[in-house]
């Protein structure tokens, strides 16, 4: 018998002063057995850091047609293709051809992630952005994850202040331009 997904809930209060986005929302996140807690948490953070009208989780790890997070406009047109982890260049090429913006949030070493893209074809690669967090931040936050989570995300001047289940953490949100 195959092991099913584990459901985690995140009740989020978002205050992104850098973008002027203030929202309270609840996420039900299905963590597939092959998905790490670090990947799942990075997916939740990417959702908050990119929060906009029309944002949703993609179809999941097995889908090649959608990224981890998508943003669509009211007509259903793909506005943002948001990957998590270390997607390959071919996947980014595909996404950047479909969406206005292509963004990656990683819990891994950003230099290694970008090195894998070197010399590979990525449509509008100059517009691609990779975001990472301070060393140790994701690991510290992962240790706090429960099945039901209370989250406050505050973003100001490029710094993410995260309160996860009563414990406060912070990190710079680093932006890398592959080149």
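The values are calculated or read from the model by the stated rules, or taken from the named source; none is laboratory data. Treat the numbers as computed from the prediction; the structure is a model and nothing was measured. Cβ: placed from backbone, ideal geometry, glycine included. Neighbour counts: every protein chain shown.
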(request) Kindly indicate whether residue 41 is out of contact with any helix residue (DSSP H, G or I) (no Cβ under 7 Å at 6 or more places or on another chain), surrounded by 15 or more Cβ atoms within 10 Å (Cβ to Cβ) and at negative phi. (result) no
(request) Collect the residues in segment 132-151 that are farther than 17 Å from residue 11 by Cα and surrounded by 20 or more Cβ atoms within 10 Å (Cβ to Cβ), keeping them in residue-number order. (result) 132, 133, 137, 138
(message) Just checking, does segment 39-53 include any residue being touching a strand residue (DSSP E or B) at 6+ places or on another chain (Cβ under 7 Å), more than 19 Å from residue 144 (Cα to Cα) and in contact (Cβ under 8 Å) with a residue 60 or more places away in the chain?
(response) yes
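Confirm whether residue 160 is part of a strand (DSSP E or B), closer than 24 Å to residue 67 by Cα and in contact with a strand residue (DSSP E or B) (Cβ under 6 Å, 6 or more places away or on another chain).
Considered against the rule, which asks whether it is part of a strand (DSSP E or B), closer than 24 Å to residue 67 by Cα and in contact with a strand residue (DSSP E or B) (Cβ under 6 Å, 6 or more places away or on another chain), residue 160 comes out as yes.
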(request) Identify, by number, the condition in (1) touching a strand residue (DSSP E or B) at 6+ places or on another chain (Cβ under 8 Å); (2) within 27 Å of residue 135 (Cβ to Cβ); (3) modelled with pLDDT of 95 or more that residue 91 doesn't meet. (result) (3)
(message) Going by what's in this entry, would residue 8 be described as over 27 Å from residue 156 (Cβ atoms), surrounded by 15 or more Cβ atoms within 10 Å (Cβ to Cβ) and over 15 Å from the mean Cα position of the chain (by Cα)?
(response) no
(message) What's the number of the only condition in (1) farther than 23 Å from residue 30 by Cα; (2) part of a helix (DSSP H, G or I); (3) in contact with a helix residue (DSSP H, G or I) (Cβ under 7 Å, 6 or more places away or on another chain) that residue 126 fails to meet?
(response) (3)
(message) Here is a check on your reading of the model: is residue 57 out of contact with any helix residue (DSSP H, G or I) (no Cβ under 9 Å at 6 or more places or on another chain) and over 16 Å from residue 164 (Cα atoms)?
(response) no
(message) Take the conditions closer than 20 Å to residue 138 by Cβ, at pLDDT 95 or above and out of contact with any helix residue (DSSP H, G or I) (no Cβ under 6 Å at 6 or more places or on another chain) and apply them to residue 25. Does it pass?
(response) no
(message) On the basis of being outside any helix (DSSP H, G or I), farther than 23 Å from residue 178 by Cα, modelled with pLDDT of 95 or more and in contact with a strand residue (DSSP E or B) (Cβ under 9 Å, 6 or more places away or on another chain), does residue 144 make the cut?
(response) yes
(request) Just one of (1) within 22 Å of residue 70 (Cα to Cα); (2) out of contact with any helix residue (DSSP H, G or I) (no Cβ under 8 Å at 6 or more places or on another chain); (3) surrounded by 20 or more Cβ atoms within 10 Å (Cβ to Cβ) trips up residue 154, so point out which. (result) (3)
